[in-house]
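Visitor: What follows is a single structure, and I will ask about it in a moment.
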Amino acid sequence: MVMEVEVAMVMKVLLSLCCVGACCLALYLYYNVWVVPQRLLAGFRRQGIGGPRPSFPYGNLADMKEVVAAAKLARQGGRGGGGIVHDYRPAVLPFYEKWRKEHGPVFTYSMGNVVFLHVSRPDVVRDINLCVSLDLGKSSYLKATHEPLFGRGILKSNGEAWAHQRKIIAPEFFLDKVKGMMDLMVDSAQTLLESWEERVDKNGGTVDIKIDDDIRAYSADVISRTCFGSSYIKGKKIFLKLRELQKAVSRPNALAEMTGLRFFPTKKNRKAWELHKQVHELILEIVKESGEDKNLLRAILHSASSSKVGLGEAENFIVDNCKSIYFAGYESTAVTAAWCLMLLGLHPEWQDRVREEVMEVCGGRPVDSQSLQKMKNLTMVIQETLRLYPAGAFVSRMALQELNLGGVHIPKGVNIYIPVSTMHLDTKLWGIDAKEFNPARFSDARPQLHSYLPFGAGARTCLGQGFATAELKILISLIISKFALKLSPRYEHSPTLKLIVEPEFGVDLTLTKVQSACKH
């Protein structure tokens, strides 16, 4: 009897402790998910910066979903009618369009416990561009969701860790290194060109092709051979798995972002973990097979081996940075190339100008760094493509300490999002034809620092922009010298956001063979 009483007392104590623990946890979550964000938002309101009213516990997430659903219905209802509209914001980012009209170019919103400052005012954007302090870092939002894809590589790291990785990787993309990679880029394009020529010849001189997979194969081969010393055959599995992993983590995990935890074994998480494991093993296989040739992989390996860290941490350092380079150098470039060819197919007058220029510059000789520098029309077309269809929808930053930018006081922990397409389509910055394809706008002068952001902004501007530009120029010049392009009747224009802005249904082109102007 005494024992039963003691057990009952112990159970009551445990139950009381559980209740106290649950109450403490609830108060802790309430404080961090609601009280702290509300204080930050109140601080912005005192500066005259408003925004949509959040609700507990998900902030403005429900509002965003509602606006996106309405925009999707409107797009489906209007599909098939009218011409191609390059301004994809009402379809892809409709909540930003709504809130900007209601609250102006600088406003706040929240998702769970994360507070955002949306900025499309030129003076604030300019200050962000000019800021080189490590106190302005990469946005932490989606870090938990994207952990399997990027880990702690250069795309997601901050502070001294980011500075260290940049010091290792940046020299591998200096102009002299890029010039040395151009022959490999031309060789990588040969497989694509020969494949298309064969298909055109078999179909009597004209054929419809969905170009996306072929462009990705080219971009993947370039990255594999130039940066990692391996062929596309060895790297193919990595790119396929990364593409699956990109799709798996492209939708935000609200619970993970609010708690920082991503360990719940949901179906989505289990798939991401398995893909991450497979990519990790495949990259380490390439590392073991790598020779002594000097390339980006060797630089990363040398840094990892010379660091005083354990084997597991060194492996993660290698794999995370390889994944970052694979993704940034492969996916973004391939999508930009697809958009560029779509625009050339839509605008035959510019296609003719580029082809004539390629014929004049090359004169039957192989493409090299000197000939690429002379291709002014092609450069303008690529610049205009990046203006209308920048791969990154946002420049995302985070105040790691309190900052003042453009007269706005930004507390520590606030995420800053600059909508790139909004800056690129601002008629005050670009003129009344800002939403139209007009490469000639780049013929006179370089755009203002705050108005053109296809490769990011400030100290964290993309390291590989010279590499990507050379890769794009080589591919587009060789394709244009071999084929005349038209948009296929099957093409359906539907930009969508999957980490980057890409054609939802791919790009369908009609190809007709023309006399070649450049060797390959």
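The values are calculated or read from the model by the stated rules, or taken from the named source; none is laboratory data. Predicted model, so just to flag it, every value in this text is computed and none were measured. We place every Cβ from the backbone using ideal geometry, glycine too, and count neighbours over all the protein chains shown.
Visitor: What pairs come out if I take residues in segment 412-430 that are under 16 Å from R89 (Cβ atoms) and pair them with residues that are hydroxyl-bearing (S, T, Y) and assigned to a helix (DSSP H, G or I) whose C-beta lies under 9 Å away, six or more apart or interchain?
Guide: Y417/Y96; P419/Y96; T422/Y96
Visitor: If you don't mind, there's one more thing I want to ask. Quick check on this structure: which one of R39, R53, R45 is touching a strand residue (DSSP E or B) at 6+ places or on another chain (Cβ under 9 Å), at pLDDT 65 or above and surrounded by 10 or more Cβ atoms within 10 Å (Cβ to Cβ)? Reasoning before the result, please.
Guide: Values: R39 fails: touching a strand residue (DSSP E or B) at 6+ places or on another chain (Cβ under 9 Å); R53 fails: touching a strand residue (DSSP E or B) at 6+ places or on another chain (Cβ under 9 Å).
Only one candidate passes the filter, namely R45.
Visitor: Confirm whether I238 is modelled with pLDDT of 65 or more, surrounded by 20 or more Cβ atoms within 10 Å (Cβ to Cβ) and at negative phi.
Guide: Details: modelled with pLDDT of 65 or more: yes; surrounded by 20 or more Cβ atoms within 10 Å (Cβ to Cβ): yes; at negative phi: yes.
In short, yes.
Visitor: Which ones in segment 58-85 are more than 21 Å from K101 (Cβ to Cβ), modelled with pLDDT under 85 and not basic (K, R)? Steps first, please.
Guide: Residues of segment 58-85 that are more than 21 Å from K101 (Cβ to Cβ), as a first pass: 58, 76-77, 79-84.
If we keep only those that are modelled with pLDDT under 85 as well, we get 76-77, 79-83.
Listed by number, the residues that qualify are Q76, G77, G80, G81, G82, G83.
Visitor: Against the definition (β-branched (V, I, T), buried (at least 20 other Cβ atoms within 10 Å of the Cβ) and over 26 Å from L449 (Cα atoms)), how does V115 come out, yes or no?
Guide: Here the answer is yes, as V115 does meet what is asked.
Visitor: May I pose another question? Given the options F505, F442, name the one that is within 30 Å of S396 (Cβ to Cβ), loosely packed, with under 15 Cβ neighbours inside 10 Å and in contact with an Asp or Glu (Cβ under 8 Å, 6 or more places away or on another chain).
Guide: Details: F442 fails: loosely packed, with under 15 Cβ neighbours inside 10 Å.
Only one candidate passes the filter, namely F505.
Visitor: Which of (1) in a loop (DSSP other than H, G, I, E, B); (2) surrounded by 19 or more Cβ atoms within 10 Å (Cβ to Cβ); (3) of a type in the set (V, I, T) does V132 not meet, given it meets every other one?
Guide: Result: V132 fails condition (2) only.
Visitor: If a residue counts only when it is over 20 Å from the mean Cα position of the chain (by Cα) and within 20 Å of E436 (Cβ to Cβ), which helices (runs of 4 or more DSSP H) contained entirely in segment 313-398 have at least 3 such residues? Break it down into steps so the answer makes sense when it comes.
Guide: Working: elements: 348-362, 369-374, 376-388.
Because the criterion is at least 3 residues that are over 20 Å from the mean Cα position of the chain (by Cα) and within 20 Å of E436 (Cβ to Cβ), the helices (runs of 4 or more DSSP H) in segment 313-398 that meet it are 348-362, 376-388.
Visitor: Based on what the data block shows, is A189 surrounded by fewer than 17 Cβ atoms within 10 Å (Cβ to Cβ), in a helix (DSSP H, G or I) and not acidic (D, E)?
Guide: no
Visitor: Only residues that are β-branched (V, I, T) and in a helix (DSSP H, G or I): list them for segment 37-69, please. Outline the logic, then answer.
Guide: Keep residues of segment 37-69 that are β-branched (V, I, T), which gives 49, 67-68.
V67, V68, listed by residue number.
Visitor: Have a look at E292, E357, E285, E313 and point out the one that is at pLDDT 85 or above and among the acidic types (D, E). Explain how you work it out, then say what you get.
Guide: Values: E292 fails: at pLDDT 85 or above; E285 fails: at pLDDT 85 or above; E313 fails: at pLDDT 85 or above.
Result: E357 is the single residue among E292, E357, E285, E313 that is at pLDDT 85 or above and among the acidic types (D, E).
Visitor: OK, next. Say whether the condition of being among the aromatic types (F, W, Y) and surrounded by 21 or more Cβ atoms within 10 Å (Cβ to Cβ) is met by at least one residue in segment 219-230. Full working, then the answer.
Guide: Here is the first cut: in segment 219-230, the ones among the aromatic types (F, W, Y) are 228.
Pick out the ones that are also surrounded by 21 or more Cβ atoms within 10 Å (Cβ to Cβ) and you get 228.
Within segment 219-230, one or more residues are among the aromatic types (F, W, Y) and surrounded by 21 or more Cβ atoms within 10 Å (Cβ to Cβ).
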